[in-house]
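Below is one structure; the comments refer to it alone.
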Number of protein chains: 2
Amino acid sequence: MFEAVELGHAVSKADYNAEVPKLREQLLDIQFELGDKKPFPVILIISGVDGAGKGETVNTLNFWMDPRNIHAHAMADPSDEELERPAMWRYWRKLPPRGSIGVFFGSWYSHPMRMHIDGGKSIDYLDSYLDDFLRFERMLADEGALILKFWLHLSKDDLKKRLSQLDKDKATTWRVGKKEWDRYDRYDDLRPVAEHVLRRTSTGHAPWIVVESADEKYRNLTVAKTLLKAVKARLETGAKPIAASVPVQALDHGDGINLLNTLDYSKSLDKKIYKEQLEHYQGRLNKLCRSKKFRNHSIVAVFEGNDAAGKGGSIRRVIGAMDSRMYNIIPIAAPTDEEKAQPYLWRFWRHLPGRGKAVIFDRSWYGRVLVERVEGYCSQADWMRAYSEINDFEEEMARHGIIVVKFWLSITDEEQLARFKEREATGYKRFKLTDEDWRNRDKWDAYSSAVCDMVERTSTEIAPWTVVEANSKYYARIKVLKTLCKRLEAEL
Amino acid sequence: MFEAVELGHAVSKADYNAEVPKLREQLLDIQFELGDKKPFPVILIISGVDGAGKGETVNTLNFWMDPRNIHAHAMADPSDEELERPAMWRYWRKLPPRGSIGVFFGSWYSHPMRMHIDGGKSIDYLDSYLDDFLRFERMLADEGALILKFWLHLSKDDLKKRLSQLDKDKATTWRVGKKEWDRYDRYDDLRPVAEHVLRRTSTGHAPWIVVESADEKYRNLTVAKTLLKAVKARLETGAKPIAASVPVQALDHGDGINLLNTLDYSKSLDKKIYKEQLEHYQGRLNKLCRSKKFRNHSIVAVFEGNDAAGKGGSIRRVIGAMDSRMYNIIPIAAPTDEEKAQPYLWRFWRHLPGRGKAVIFDRSWYGRVLVERVEGYCSQADWMRAYSEINDFEEEMARHGIIVVKFWLSITDEEQLARFKEREATGYKRFKLTDEDWRNRDKWDAYSSAVCDMVERTSTEIAPWTVVEANSKYYARIKVLKTLCKRLEAEL
């Protein structure tokens, strides 16, 4: 792969000077359109051999273009806030919003490559990361991002020349130290690994572009022209890459039997027993949250359910067992404009808890496959791919030690009607009822199908759904608390 | 002060049970209105004697109210991202947006009080913080926040009783350890300091409310009722506290001579000298940014100036001396809706650089006293108070080791007209010119007055303005670079 680019590409000074002004003008043009219409974000990865000029390339782009909507991220060692969260959190928080260009030096690829080359980790370890990255980039592309991954390449000889050159020059000698020469010595270790990584992760929607970097003028021109061409094409066609394979049918079992209509809604609890069990499980939960083992974990609890199923009441009983300093409740309503400018999971990533903390989502990312699906707020392709994106998201959390607990609170049609009427009548509950709630009742069956699909497709071993029969509030609250206690006991 | 509340307040169980349901309904009502109309944020500080029940009080509020728009912040040790920025950054990032309630345990007061009581710092040290807090809270109140500061008080005897009680009970004994008994032993040290702090920082717009906390029912009711009353009153009147003293006149020297019309706009540089000096100062700046000393500092550079004065071109020459990994350019346009829900300085605080980094603001917080003043986007009282708020902001940065550099790029009326015409004619510059730019020209005099006032009021020793004669682009760029080099050399 790399041999194919070791061709001694070079650009003369005259050609360079002739080409740059026109290129700059075109770059500014597309950048203006990008910033003006904000149609999509551009994600550039600048990776490659150390010494191939990653920094110079980006500095040049910044000088040629309008640097105000280009943001470069070096991503050195993670901060402690980053270490407390899943590994990709630090990239999510730096993702460029629509209309701007985000540059990642090395990016997510650096860490596992280094761990394999220098840290003695196996190729399987590396590959498991690559798999995640493929899925992550697929999701970004499906969300509209334009992704270009540059690998700046130098042959071993060219690298030696380059380091010696930098070393000799008084102005740049500080850039070449023991670390750089060590990396040079290990060039032969890097090369096959880099080939492997590039081969495995170069896709139509997020291609690797290998750029021979011995001649800096050729390197700068190639990167800039590639960027120009890609942005221009996307601006003109507006087309985003088509998802590789989109299953177009929702699950259909054909016999009318589904998860929701086979639940036993008559389950209930006597008030006296409820009170005893409430105290019991709140005590148990409180103790679990204060245990030493919990300090290395955190909780992400998702509450979904029919309107008026009692999500709020259940959440109150859960936090009744916790100190207000350890939890945060995130009610999910309409996204803010900063959130709208990002992939749809971004607004959930930003709230992930640090260690020893809990975040409770009152509605969640499942809106994508519930309300957005039923109301047609997103395309079928969008909600169909959401199932696996959500599974990936939850797997990343689980792998990091976050305990993901998900509740669907289910009530019957009749019970919902009764509760709506009660809310209309009761003073301090009336604000809980909106016209939309009434409208949603007309789509009861569509919502039910969506719920069944959701549970089937996203109830995983690491993040199982608990469907709660919630016609009896007492029964539902206790089932929620009990489930939470058992999960924590199993995981800690 | 504290004797006055040591009255043995208590509420019987019967009275409590009778009062709570009605209180809860009222709390939910005001909270609904708050969340619905989003008229202002509510900031609650819960401070006081350790053991007085700060956590229980907030837990109770959360249970009585809708916990979804109450966010409690314990603010333990700062994270490394927080340590890299001015001390108040961690509070700014947690400020509740309009419509929600933010609870700060201990809050900004805790650290300096502890440093005085346990850390041997002088009372002057403490007072200098209190002064900052007064100004901070004044600003928050002027921006519309409702601020209530609760001090939960226990007499020494009551504290002893409470700790013994907790210690005896199997369910709560974990809460009483050596630390708690040590604090008890030092009660007499805390008490006069707390009195001092409360006396100095209780204001009409951010009052301290001392709550006797020996009886938890009395404590809970008092805090909740105070909150209810305060929010209700603000919702009804809509009135925010009037700024203590607002000078209503802009500066007027009466003789027509001002900073801008006495500049020598004929200053210029020959192209050859420009190129030499550009290389010289970029080299110097590059070296300074790479110096070891800089790693403990950071740069906040502000670029303001007339339309078409060459801010963008100057910024390009500054970043030409830096690596793209160390800087971030923040162009200031219309605020996002998340930003609009916060005090106006919030959108700048969020971008402050970590150590060893630079943030370049292309337009800045000075918009408040320039465009917002001239166009009437904010009231006179708002922009008049902005001068001192801005000075406070920059002082906080400077105290933390951030080097604050501010440039006003000034061109003449005629020069601006010539540049506008050139932009209209030039392909890749045409997008730089908008109808608004033409309209702004009609308000040239109003903008000039605003600029003169701004420089007079906010050019401080720690963050001086550099007014740059910018009719010659070459001259301007070199002056900017030279100023930056000299400031860094002086500060490092």
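The values are calculated or read from the model by the stated rules, or taken from the named source; none is laboratory data. A quick note: this is a predicted structure, and the numbers were derived from the prediction, not measured. When we count neighbours, we look across all protein chains shown, and the Cβ atoms used for this are built from the backbone with ideal geometry, even at glycine. Surface areas here come from the heavy atoms of the whole protein model, side chains and all, with no ligands, DNA or RNA. Shrake-Rupley method; radii C 1.70, N 1.55, O 1.52, S 1.80 Å.
Key figures for this structure:
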| read-out | value |
| --- | --- |
| Conditions (1) within 14 Å of chain A (Cβ to nearest Cβ); (2) over 21 Å from B:Glu372 (Cβ atoms); number of the one not met by B:Thr434 | (2) |
| Residue list for the range B:284-316, restricted to those being in a helix (DSSP H, G or I) and open to solvent by less than 40 Å² (accessible area, probe 1.4 Å) | B:Leu285, B:Leu288, B:Cys289, B:Phe294, B:Lys311, B:Gly312, B:Gly313, B:Ser314, B:Ile315, B:Arg316 |
| Condition met for B:Lys149 (basic (Lys, Arg), in the same structural domain as B:Ala214 (by TED's automatic domain parsing) and open to solvent by less than 50 Å² (accessible area, probe 1.4 Å)) | yes |
| Residue identified as assigned by TED's automatic domain parsing to the domain that holds A:Leu285, open to solvent by 30 Å² or more (accessible area, probe 1.4 Å), over 29 Å from A:Glu84 (Cα atoms) and among the small types (Gly, Ala, Ser) among A:Ser472, A:Ser410, A:Ser449 | A:Ser449 |
| All positions within the range B:326-341 that are facing another protein chain (nearest Cβ under 7 Å), within 11 Å of B:Val359 (Cα to Cα) and either in a loop (DSSP other than H, G, I, E, B) or open to solvent by less than 40 Å² (accessible area, probe 1.4 Å) (or both) | B:Ile329 |
| Positions within the range B:167-189 being part of a helix (DSSP H, G or I) and within 14 Å of chain A (Cβ to nearest Cβ), in sequence order | B:Thr173, B:Trp174, B:Arg175 |
| Hits in the range B:266-321 (condition: in contact with a Leu (Cβ under 9 Å, 6 or more places away or on another chain), aliphatic (A, V, I, L, M) and away from chain A (no Cβ under 11 Å)) | B:Leu278, B:Leu285, B:Leu288, B:Ile299, B:Val300, B:Ala301, B:Ala308, B:Ala309 |
| Pairs, first on the phi > 0 side of the Ramachandran plot in the range B:34-50, second of a type in the set (Ser, Thr, Tyr) and open to solvent by less than 10 Å² (accessible area, probe 1.4 Å), C-beta under 8 Å, six or more apart | B:Gly48/B:Ser213 |
| Any hit, the range B:460-476, residues being at pLDDT below 95 and more than 14 Å from B:Ile402 (Cα to Cα) | yes |
| Residue in the range A:20-31 that is crowded, with 17+ Cβ neighbours inside 10 Å and within 27 Å of the chain's Cα centre (by Cα) present | yes |
| Residues (farther than 30 Å from A:Phe32 by Cβ and either among the small types (Gly, Ala, Ser) or modelled with pLDDT under 90 (or both)) located in the range A:203-231 | A:Ala214 |
| Looking only at the range A:68-107, and only at residues there that are hydroxyl-bearing (Ser, Thr, Tyr) and within 17 Å of A:Gln342 (Cβ to Cβ), the one that is farthest from the other protein chains (Cβ to nearest Cβ) | A:Tyr91 |
| Matching entry among B:Leu140, B:Leu154, B:Leu126 (being in contact with a His (Cβ under 7 Å, 6 or more places away or on another chain), of a type outside the set (Lys, Arg), open to solvent by less than 10 Å² (accessible area, probe 1.4 Å) and in contact (Cβ under 8 Å) with a residue 60 or more places away in the chain) | B:Leu126 |
| Any helices (runs of 4 or more DSSP H) falling wholly within the range B:363-431 and containing at least 3 residues that are among the aliphatic types (A, V, I, L, M), within 17 Å of the chain's Cα centre (by Cα) and within 18 Å of B:Met88 (Cα to Cα) | B:380-399 |
| Any chance B:Lys486 is open to solvent by 50 Å² or more (accessible area, probe 1.4 Å) and not aliphatic (A, V, I, L, M) | yes |
| Cβ pairs under 6 Å, 6+ apart, first in the range A:275-302 and among the aromatic types (Phe, Trp, Tyr), second crowded, with 18+ Cβ neighbours inside 10 Å | A:Tyr281/A:Leu481; A:Tyr281/A:Cys485 |
| Filter pass, B:Ser100 being outside the structural domain of B:Phe393 (by TED's automatic domain parsing), small (Gly, Ala, Ser) and at pLDDT 95 or above | yes |
| Within the range B:225-236, considering residues that are out of contact with any helix residue (DSSP H, G or I) (no Cβ under 6 Å at 6 or more places or on another chain) and buried (at least 17 other Cβ atoms within 10 Å of the Cβ), the one nearest to B:Lys149 (Cα to Cα) | B:Leu227 |
| Matching residues, the range B:434-492, being assigned to a helix (DSSP H, G or I), among the β-branched types (Val, Ile, Thr) and within 26 Å of the chain's Cα centre (by Cα) | B:Val451, B:Val455, B:Thr458 |
| Checklist (1) in contact (Cβ under 8 Å) with a residue 60 or more places away in the chain; (2) surrounded by fewer than 18 Cβ atoms within 10 Å (Cβ to Cβ) applied to A:Pro78, failing item | (1) |
| Unique residue being touching a residue at least 12 places away in the same chain (Cβ under 8 Å) and assigned by TED's automatic domain parsing to the domain that holds B:Met88 when the list is B:Arg186, B:Arg175, B:Arg114 | B:Arg186 |
| Sole exception among (1) more than 17 Å from B:Tyr109 (Cβ to Cβ); (2) away from every other protein chain (no Cβ under 11 Å); (3) surrounded by 20 or more Cβ atoms within 10 Å (Cβ to Cβ); (4) touching a Ser or Thr at 6+ places or on another chain (Cβ under 7 Å) for B:Glu6, by number | (3) |
| Single match in B:Lys13, B:Lys54 (criterion: basic (Lys, Arg) and closer than 27 Å to B:Glu180 by Cα) | B:Lys54 |
